[in-house]
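The values are calculated or read from the model by the stated rules, or taken from the named source; none is laboratory data. All figures in this text were calculated on a predicted structure; none of them were measured in a lab. With ideal geometry, Cβ positions are generated from the backbone for all residues, glycine too; neighbour counts draw on all protein chains shown. In case anyone asks, the SASA skips ligands and DNA or RNA and just uses the protein heavy atoms, side chains included. Shrake-Rupley method; radii C 1.70, N 1.55, O 1.52, S 1.80 Å.
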Amino acid sequence: MARSFLQVAATEEVAPPLRVVQIEGLVVLKIIKHCKEFSPSLVTGQLLGLDVGSVLEITNCFPFPIREEDEEIEADGANYQLEMMRCLREVNVDNNTVGWYQSMLFGCFQTVELIETFMNYQENIKRCVCIIYDPSRANQGALALKALKLSDSFMDLYRNNNFTGEKLREKNLSWVDIFEEIPIKVSNSALISAFMTELEADTPVTQCDYDRLQLSTSPYLERNVEFLIECMDDLSGEQQKFQYHYRNLSRQQAQQQAWLQKRRSENMTRKAAGEEPLPEEDPSNAIFKPIPEPSRLGSFLITNQMANYCNQING
């Protein structure tokens, strides 16, 4: 049965899950160039493209300028983005925002700032990704390019800002469920593929092939071990916070039991004297006020970062 345009528009269709991020080869080169030029400083940029079904196509990007500390970061950044989008629209280039890219060093990207940026993008964009590029790993011969998004279960929990142990067990959420890595597919037009074939050298062996045989991974391995040790110290600090919380909780429960025993003995005396018993619950008493449990988000991010360092060391 044919449906009218209004019926189709009124029907709320469920978007298919994101399966792959398709990036143009030129966009990959622009991201690599921007990140390597300013390394070891961290840089960011805007991703532009189209959301087509289960594929997120990234067809263009532009870098964000490095701002000085005395500038108005929020206002300047917003004005710069709007001006760039206007210029791209005038020359008939894709100007739909689909996320952003940023550089990282030695695989360090699991931060609260990254999560907050994701949440800000999610307010205006239904589906977006963050492209992470690591120039330090690229020096070892690996294209360290990742496409990340936050899992739906973690975003629901983050909106409520409730990272207690009880809530995490209820949602069955662990540290591996924070980020989802989406497969990346690099796409080039037929003309670019033909041009690259023409540029390919006839000789089977080049100097680049010999350079790959050099075992220069020791500095990279040492830095990863150093960062892993720092993460262990940070995780130990997070665990001490929970130990301190549980000690306070045990002390409070002991004080509550002592107060209840004293109140019950007092009530027995009042009953014997024919007086009304006093209530056993006193919300105004400081020992009955609940002690807030510290958030587990920090320990989750540190554990996620440690797993990343371990994978890089194994690699």
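In table form, for the structure just shown:
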| quantity | calculated |
| --- | --- |
| Euclidean distance between Cα centres, the range 157-174 to the range 236-253, Å | 19 Å |
| Under 5 Å, built H, 5+ apart or other chain: amide partners of Gln22 | Leu56, Glu57, Ile58, Lys185 |
| Probe 1.4 Å, all protein chains present, accessible-area order of Leu221, Leu105, largest first | Leu221, Leu105 |
| Spacing of the two label points (7 Å from each Cα toward its C-beta) at Met268 and Ser236, in nm | 4.9 nm |
| Assigned charges on the beta-carbon of Lys, Arg, Asp, Glu; the range 270-315 dipole about Cα centre (debye) | 300 debye |
| Two-site label geometry, Arg169 and Leu143: point separation in nm, points 7 Å out along Cα→Cβ | 4.5 nm |
| Extension reserve of the Val186-Ser295 stretch, reckoned as 0.36 nm per residue once the Cα distance is removed | 35.4 nm |
| Residues of type lysines that Lys262 reaches as a straight line, Cα spacing below 26 Å, ignoring anything fewer than 8 places off in the same chain | Lys271, Lys289 |
| Candidate lysines for bridging to Lys171, where Cα separation is under 22 Å - those fewer than 8 sequence places away on the same chain excluded | Lys149 |
| Label zone at Arg223 (point 7 Å along Cα-to-Cβ), backbone N below 12 Å, the range 90-107 | 104-107 |
| Estimated FRET transfer efficiency (Ala194, Asp51; beta-carbon r; R0 35 Å; 0.05) | 0.75 |
| Too-long pairs where the Cα-Cα distance tops 21 Å, listed order kept, from Lys30/Lys185; Lys36/Lys146; Lys33/Lys146; Lys126/Lys167 | Lys126/Lys167 |
